[in-house]
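For reference, the structure is listed below as structure tokens.
The values are calculated or read from the model by the stated rules, or taken from the named source; none is laboratory data. The structure displayed is predicted, hence computed values, not measured ones. As a convention, Cβ positions derive from the backbone with ideal geometry for all residues, glycine included, and neighbour counts pool all protein chains shown. Calculation scope for accessible area: heavy atoms of the full protein, side chains included, ligands and nucleic acids excluded. Shrake-Rupley method; radii C 1.70, N 1.55, O 1.52, S 1.80 Å.
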Amino acid sequence: MFTVAMLPILPFTMTVTADEKRPGGSPEGTVLDRIVDRNAGMLIASVQELVRIPSFAGEPETGAPFGPGPQKALLRVLEIADRLGFSTTNLDNFAGFAEFGSGSEYIMALGHIDTVPEGGDWAYPPFGGEIHEEKIYGRGALDDKGPALAALFGARAVMESGLPLSRRVRVVFGADEETGEEDVRRYLSRERPPLTGFTPDADFPVVFAEKGILWVALEKKLGAPAHGTFVSAITGGTVANMVPDTATAEIRTVHPEITLKQCGAEPLASCSLVSTTPGEGEIHVRAHGLSAHASKPEEGKNAIQELLAFLSEQKLSPGGMTDAIRFLCRGLAKETDGKSFGLAARDEVSGALTLNAGMIETRGDLLVLTLDIRYPVTAVTDRILGILRERAKEGGFSVRVIKHQPPLHQPRDSLPVTKLLKVYREATGDQSPPVAIGGGTYARRMPNIVAFGPYRPGVRYPIHARDECIAIDELVKLAKIYARAIREMAE
């Protein structure tokens, strides 16, 4: 059992399979496992230390291109690497790396220390790094501070083992993965790409394809406010790539008592009347959802969709906002596949298109809904945008592209896929095939790498959700797998 009192060194055992005992590399793997066990306490404490730093994107400052949070987390993880004996480099607080070894070529493990905002309704403090039931809780514990540190401690095990390598080992930490990936652009402007490598930010056994990612804003000018009873403001969500867990609306009315009674008569399973000022004719409604990663919106409950559905059933006066609400309600329809917008699509390589309504807000007389669309690798982006623009036009909306990341499709027999699949199967005994995912990783931007863990097949994880956590035994196993992967690629 792992407990705080046992820090800094905790015992950990892992069954050595028959495959691991075979000649040709497995004895080295067992040596690496033992070193990771010996350093497990430091790994756990380091994850807690890093999780305690809120590091979601903020306003740029001098020396902090993504805000003070990501900068502080980057500096801290480089301090941890210094303590472990790595040579470290800070690339203007865009990214940094820890390195050891020699040779003209290097292999890379590329993680990130920025996070999405914490959201609400946590059972434990989102920036506490507390341990409960053998799990470390906090935003970033799973995505991606814990896995990034597991890669660092895996590299430390390889360094400590003294096993011969022919390539340098570099563990890179980005500070802008969740928003714009300017960190990778800055890195590649200063450093040449690795020979091969991985990012510990997706699924096991190894990812060979990633869906395309399209962020778009549906925008509509609302015109003059309506008279009678109307929605005067609406807001929900904090980032596009997260299923929103709250959304609110302000209803203005000349008949507050009647409107309040009508609202209260509607089913309120997902909505509540949070505050009212009847004398001023205002009623505030809040919708409640369940956060999840936008790549798997079906695992959450979208508060924006819940709010739109509630509002569309109210007796609102005709006008721009009312028409917009009802149009969006019909288009989203509490779906996650874009079917009612005419966007449903799938292929055998990467599966079905997903759609997440990530943010909504009124900016003066402008209503803006931000969508995160993950489309199959064989789909045509222009066709998706064409359909969406035609449907949006029907409701008086225009479509603005915020961000587009083309899909990634690595051959299954490529160097990183085959090597990492071999490592995973030997370490776990799991013979699952390579996978395609809806998530977007650094593998799209950084040449020659693929996503490799930390999420095991068939297990649901609280990514971008409340009560994000990483099990301590999984964290240590990750470090062991990543140590073997680093050794395999750098040998």
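Expressed as a whole percent, the accessible surface of the chain that belongs to carbon and sulfur atoms is 52, based on a 1.4 Å probe. Relative to the longest principal axis of the Cα atoms of the chain, helix 381-394 runs at roughly 20 degrees.
With 0.36 nm allotted per residue and the present C-alpha distance subtracted, the Asp347-Ser104 stretch has 83.4 nm of extension available. Per-residue surface analysis assigns Arg363 an accessible area of about 110 Å², computed on protein heavy atoms at 1.4 Å probe radius. Between amide H atoms placed 1.01 Å from N, distances below 5 Å from Phe100 occur with Val169, all of them 5 or more places distant or on a separate chain.
In plain terms, the chain from Leu75 to Ser166 could stretch by 29.8 nm, reckoned as 0.36 nm per residue minus the Cα-Cα distance. Past 20 Å, Cα to Cα, is the threshold; run Lys220/Lys339; Lys419/Lys480; Lys221/Lys301; Lys296/Lys334; Lys301/Lys403; Lys211/Lys480 against it and keep the listed order. Exceeds cut-off: Lys220/Lys339; Lys221/Lys301; Lys301/Lys403; Lys211/Lys480.
Figure the gain on full extension for Glu313 and Asp430 (residue separation times 0.36 nm, minus the Cα-Cα span) and round it to one decimal in nm.
Once the chain is fully extended between Glu313 and Asp430, it gains 37.1 nm.
Cα centroids of region 45-101 and region 198-259: 31 Å apart. Rounded to 0.05, the FRET efficiency of the Thr30 and Val459 pair, given R0 = 35 Å and the Cβ-Cβ distance, is 0.85.
The alpha-carbon of Lys422 sits under 13 angstrom from the alpha-carbons of these aspartates and glutamates, leaving out residues fewer than 8 places away in its chain: Asp19, Glu20, Asp413, Asp430, Glu488. For the chain, a crude dipole built from +1 on the beta carbon of Lys and Arg and -1 on the beta carbon of Asp and Glu, taken about the Cα centre, is about 840 debye to the nearest 20. Computing FRET efficiency as 1/(1 + (r/R0)^6) for His404 and Arg38, where r is the C-beta to C-beta distance and R0 is 56 Å, gives about 0.75.
Per DSSP H run of at least 4 residues, take -39500 (n - 2.57); add these up for the chain, divide by its residues and hand me the 222 nm value, nearest 500 deg cm²/dmol.
Numbers: 11 runs with 147 residues, N = 491.
Dividing the helical sum by the residues of the chain leaves -9500 deg cm²/dmol.
What the phi angles of region 311-319 give under the Karplus curve with 6.51, -1.76 and 1.60, with θ = phi - 60°, is a coupling list of 5, 5, 8, 7, 8, 9, 5, x, x Hz, glycine and proline written as x. Taking amide H positions as modeled 1.01 Å from N, with prolines and chain starts lacking one, the residues under 5 Å from Leu91 and 5 or more places away or on another chain are Gly96, Phe97. Remark on Thr199: its backbone amide H falls under 5 Å from those of Leu110, Val450, Ala451, Phe452, a criterion applied only to residues 5 or more positions apart or on other chains, H modelled at 1.01 Å from N. Placing pseudo-labels 7 Å out from each Cα toward the beta carbon at Ala123 and Thr381 gives an inter-label distance of 4.1 nm. Distance between the 7 Å Cα→Cβ label points at Ser232 and Arg192: 6.3 nm.
Residues in region 141-152 carry Karplus couplings, in order, of 4, 9, 9, 9, 5, x, x, 4, 6, 4, 5, 4 Hz; the curve used is 6.51 cos²θ - 1.76 cosθ + 1.60 with θ = phi - 60°, and Gly or Pro positions show x. Computed with a 1.4 Å probe over protein heavy atoms only, the accessible surface of the chain comes to 39 Å² per residue. In order along region 203-211, phi translates into HN-Hα couplings of 10, 8, x, 5, 9, 9, 8, 10, 4 Hz, rounded to whole numbers, per the Karplus curve 6.51 cos²θ - 1.76 cosθ + 1.60 with θ = phi - 60° and x for Gly and Pro.
Over the chain, what is the relative contact order in percent, taking alpha-carbon pairs closer than 8 angstrom and at least six residues apart?
On the way: 1177 pairs, mean separation 111.2, N = 491.
Normalised by residue count, the contact order of the chain is 23 percent.
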